[in-house]
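J.: Pasting in a structure now, in structure tokens, and then I'll have a few things to ask.
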Amino acid sequence: MTALTSVSGFPRIGSNRELKKIIEGYWKGANTLDDVRATAKQLRTKHWKLQQTAGIDLIPSNDFSYYDQMLDTAILLGAVPARYQRLGFEQPEDTLFAIGRGYQGDKGDVTALPMKKWFTTNYHYIVPEIESSTQIHLASTKPFDEFNEAKALGIVTKPVLIGPYTFLKLARDPQAEELEFDRGLINDIASVYAQVLSKFGELGAQWVQFDEPYLVLDKEDGDVELFKSLYAKILPARDGKVKLLLNTYFGHIADIYETVNLLGFDGIGLDLIEGKDENLAAVDKYGVAKGTTIFAGVVNGRNIWRNDYAISLGVIDALRTKTDNIAVSTACSLLHVPFSTAGENGLEPQVLKHFAFAVEKLGELHDIAVLADQDDAARRDAKALADNQALFDGTRVTPDQAVAKRLAALTADDFVRQPARAERQRLQREALGLPLLPTTTIGSFPQTKEVRAERARLRKGEITRDQYDEFIKQQIDECIKHQEQIGLDVLVHGEFERNDMVEYFGQHLNGFLFTKNAWVQSYGTRCVKPPIVWGDVSRAEPITVAWSAYAQSRTKHIMKGMLTGPVTILNWSWPREDVSHELQTQQLALAIRDEVLDLEKAGIKVIQIDEAALREKLPLRKSDWHKKYLDWAIPAFRLVHSAVKPTTQIHTHMCYSEFNDIIRDIDAMDADVISFEASRGDLVVLDAIHDANFETEAGPGVYDIHSPRIPSEAEIEHRIDEILAKMDVNKVWINPDCGLKTRGNAETWPSLEHLVAAAKAVRARL
Ligand code: GLN
Ligand code: ZN
């Protein structure tokens, strides 16, 4: 008998982003809700069958979602804020979309619920709100419907839900700073999960999986108690009919493993990639309860590289010294990896053989499960193992000696910009002559159908590079004229030439590879296609200089140059696993530094270096923050801009930046100005800026660009007043909260007009 194989979750967007396309079509009125439902059903069927064919024993259901699994959980629990219910939609999907993306129409006008990054991934979840009036109850049949749907196909799935602990820890109370976990709330939530469990028992499920990734975070006072009281009420609902897998991922649970083990779960899912050493040590120390199966997360759900079977088998063999009950599992949901390497014919077979996306990882799970049950002699003869080992023997890429030499020659001075920031800010005020509350945008303007079509034409060879460049220049010209008309202070060229803020840079750097179709869901229907770091990185040629110089030549206003920073390029790429992230980031920093200096030489006075994803990869455990990340990530950013003139103004930008806890580290990046998201979240970050005596000038976003709604002038003015209540007016910038490329022109320009008008109105009364 081979060990069980289990998948935590499977990508739902479809091999060709079918789900994205059909939902966006529905939003535009091009197809109906029934079309959406039909496509969704086809995708679920296809994905279940794929897993069945690959020999997976425990195939997930309810991992499907129209928008986000956290939002689904909120709906399941009846936690839909009253303002969305009041819209009075007949179809539940319409309410769901209104919560996810806001709604403006004949039924009302509501903003979306805030969105945050899902742990250290680039996936964003909707932050649920639990109001004091919220009546928690079992309010949806989605998990059961999907289970029955699979059952009708002859597949008994393992339903997956976000667990109650994680749900509560991530939910917020809109009226209070922190959600209070009173008895009533804990009981109500636990009782819904208990109902879910017993209902699945009735429906014939063998296993149910509750995901509790929040367990890999440091515990605060009361956390362990909360966890225990929730599950003390939930576990009895199994009633001998169904098994409960407590699944954890994105790190280790060593600090609570003993408790979890004593509670008597049927399965405990451990991340043996990101939490490997600590989790193994915990199992070694506390053992495994009789009747508990360890779901060994050995297949990485967050990389695109082939699994090293020898390492996975080593982990399983180590666990076997403690228990015989082992299932071979993905370390987290495969939601975070692309669909399949099939069709990536732009990559050489010699390269492609090093990659495993979701579908290929299913095969790996199966291989590992088979090998795990073989003795050493059988393994020695196993072709699967020998073939796998061959991938890791020898050198995959030749190191770039020139890059190594440049890095070795760096000194401490290369990481410090002169003079000190306060002095620079004075010099820049004189040199740039901007008004108080200067207005600007984050860089990109709507990437219309036209722009994308023109790029596709270039790719297919239907137009020449010159024709394409002419087209982009026209776009830039129009965008500049429009910005001048509405009166923005610091202009941008609009980033029309870029498909993506990381891929575009990667294409001009040595060491990167690109895929055709390796999309990963980022938020709602949005997907990203990260490039792959394959070898040592260096700048192959100037990247943005010609475009920025052209744009500056078309206006008397200040034109901001637009770059992506090294930490973000790495975080939004698939990094190498044979060298450290620190080294890869330093290589990238040198490449972008060359670009910064070339922009300056070309007469660009304001340069924005986006570090949209800096917060994203902050380790989940506080004790790792500096050692494992900030100690090299922040200096890498400084290396990028340390050599510019004092009067050159360096901006940076961060998305969804819950960065009140690392506010000092952000100040230490030593940028002159930062813009960041703050319009959809709370105002906590403004307090942090205030309390930390934040030196960097800052533009907390004054409206949410992730929603198509148009903010009114009054709304933005109110928002600026909120900002001014916490910040020194001399340090405030007025901007949207992120780039505008995903928006349409129809909403973008009126929104920006309101933004400029609001800034002027506030200036007038200062
Ligand atoms: N400059 C980029 C843009 O405007 C920044 C995008 C981002 O922060 N994600 O698109
Ligand atoms: Zn952003």
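The values are calculated or read from the model by the stated rules, or taken from the named source; none is laboratory data. This one's a predicted model, so the numbers in the text were calculated from it and none came from an experiment. No Cβ is skipped: glycine too gets one built from the backbone with ideal geometry, and neighbour counts run over all protein chains shown.
J.: Across region 564-580, which residue is farthest from ligand 2 (Cβ to nearest atom) among those that are outside any loop (DSSP other than H, G, I, E, B) and out of contact with any helix residue (DSSP H, G or I) (no Cβ under 6 Å at 6 or more places or on another chain)?
T.: 574
J.: From the residues in region 720-742 that are surrounded by fewer than 22 Cβ atoms within 10 Å (Cβ to Cβ) and not aliphatic (A, V, I, L, M), which one is nearest to ligand 2 (Cβ to nearest atom)?
T.: Looking at the filtered set, the residue picked out is 742.
J.: For region 602-638, which residues satisfy the criterion of being in contact (Cβ under 8 Å) with a residue 60 or more places away in the chain, closer than 17 Å to residue 502 by Cα and outside any helix (DSSP H, G or I)?
T.: Scanning region 602-638 gives 608, 609, 610, 612, 613.
J.: Here are 633, 671, 643: which of them is in contact with a helix residue (DSSP H, G or I) (Cβ under 8 Å, 6 or more places away or on another chain), among the small types (Gly, Ala, Ser) and within 16 Å of ligand 2 (Cβ to nearest atom)? Spell out the reasoning first.
T.: Numbers: 633 fails: within 16 Å of ligand 2 (Cβ to nearest atom); 643 fails: within 16 Å of ligand 2 (Cβ to nearest atom).
From the options 633, 671, 643, the qualifying one is 671.
J.: Under the condition of being outside any helix (DSSP H, G or I) and out of contact with any Lys or Arg (no Cβ under 7 Å at 6 or more places or on another chain), which residue from region 474-490 is nearest to ligand 1 (Cβ to nearest atom)?
T.: Among them, the one singled out is 488.
J.: Just to be sure I understand the filter: pairs with C-beta atoms under 9 Å, separated by 6 or more residues or on different chains, first member in region 263-283 and in a helix (DSSP H, G or I), second member surrounded by fewer than 20 Cβ atoms within 10 Å (Cβ to Cβ) and charged (D, E, K, R). Which pairs pass?
T.: 278/255; 282/255; 282/258; 283/322
J.: May I pose another question? Scan 652, 585, 647 and give me the residue that is modelled with pLDDT of 95 or more and in a helix (DSSP H, G or I).
T.: Result: 585 is the single residue among 652, 585, 647 that is modelled with pLDDT of 95 or more and in a helix (DSSP H, G or I).
J.: Looking only at residues in region 468-522 that are over 26 Å from residue 538 (Cβ atoms) and within 16 Å of ligand 2 (Cβ to nearest atom), which one is surrounded by the fewest Cβ atoms within 10 Å (Cβ to Cβ)?
T.: Top of the filtered list is 522.
J.: Do we have residue 96 as within 24 Å of the chain's Cα centre (by Cα) and more than 22 Å from residue 223 (Cα to Cα) here?
T.: Here the answer is yes, as residue 96 does meet what is asked.
J.: Got a number for residues in region 588-630 being within 16 Å of ligand 2 (Cβ to nearest atom) and either touching a helix residue (DSSP H, G or I) at 6+ places or on another chain (Cβ under 8 Å) or at pLDDT below 95 (or both)? Give the steps one after another, and end with the answer.
T.: Step one: of region 588-630, the residues within 16 Å of ligand 2 (Cβ to nearest atom) are 608-617.
Narrowing the set further to residues that are either touching a helix residue (DSSP H, G or I) at 6+ places or on another chain (Cβ under 8 Å) or at pLDDT below 95 (or both) leaves 609-617.
Final tally of qualifying residues: 9.
J.: Could you tell me which residue of region 719-766 is nearest to ligand 1 (Cβ to nearest atom), considering only residues that are among the β-branched types (Val, Ile, Thr) and within 27 Å of residue 692 (Cα to Cα)? Quick ask: steps written out before the conclusion?
T.: From region 719-766, those among the β-branched types (Val, Ile, Thr) are 720, 723, 729, 732, 734, 742, 748, 756, 762; that's our starting set.
Filter once more, keeping what is within 27 Å of residue 692 (Cα to Cα): 720, 723, 729, 732, 734, 762.
Details: 720: 21, 723: 19, 729: 25, 732: 19, 734: 16, 762: 24 Å.
Among those that are among the β-branched types (Val, Ile, Thr) and within 27 Å of residue 692 (Cα to Cα), it is 734.
J.: Conditions: (1) in a loop (DSSP other than H, G, I, E, B); (2) surrounded by 22 or more Cβ atoms within 10 Å (Cβ to Cβ); (3) not hydroxyl-bearing (Ser, Thr, Tyr). Residue 178 meets all but one. Number of the miss?
T.: Unmet condition: (2).
J.: Across region 89-106, what is the number of residues that are over 25 Å from residue 737 (Cβ atoms) and either out of contact with any Ser or Thr (no Cβ under 9 Å at 6 or more places or on another chain) or of a type in the set (A, V, I, L, M) (or both)?
T.: 5
J.: I've got another one for you. Check off (1) away from ligand 2 (no atom under 14 Å from the Cβ); (2) of a type outside the set (Ser, Thr, Tyr); (3) crowded, with 23+ Cβ neighbours inside 10 Å; (4) at pLDDT 95 or above for residue 689 and give me the number that stays unchecked.
T.: Just one mismatch for residue 689, condition (4).
J.: Where the second residue is of a type in the set (D, E, K, R) and the first is more than 18 Å from residue 376 (Cβ to Cβ) and lies in region 308-328, which pairs have Cβ atoms under 8 Å and are six or more apart or on separate chains?
T.: 322/284; 327/57
J.: Still on this model: Tell me which residues, restricted to region 598-620, are within 16 Å of ligand 1 (Cβ to nearest atom) and touching a Leu at 6+ places or on another chain (Cβ under 6 Å).
T.: 607, 609
J.: So for region 454-461 (the condition being farther than 22 Å from residue 745 by Cα, modelled with pLDDT under 95 and within 16 Å of ligand 1 (Cβ to nearest atom)), does at least one residue qualify?
T.: The answer is no, given that none of the residues of region 454-461 is farther than 22 Å from residue 745 by Cα, modelled with pLDDT under 95 and within 16 Å of ligand 1 (Cβ to nearest atom).
J.: Which one of 763, 680, 709 is touching a Pro at 6+ places or on another chain (Cβ under 9 Å) and modelled with pLDDT under 95? Walk me through it before giving the result.
T.: Numbers: 763 fails: modelled with pLDDT under 95; 709 fails: touching a Pro at 6+ places or on another chain (Cβ under 9 Å).
The conditions single out 680.
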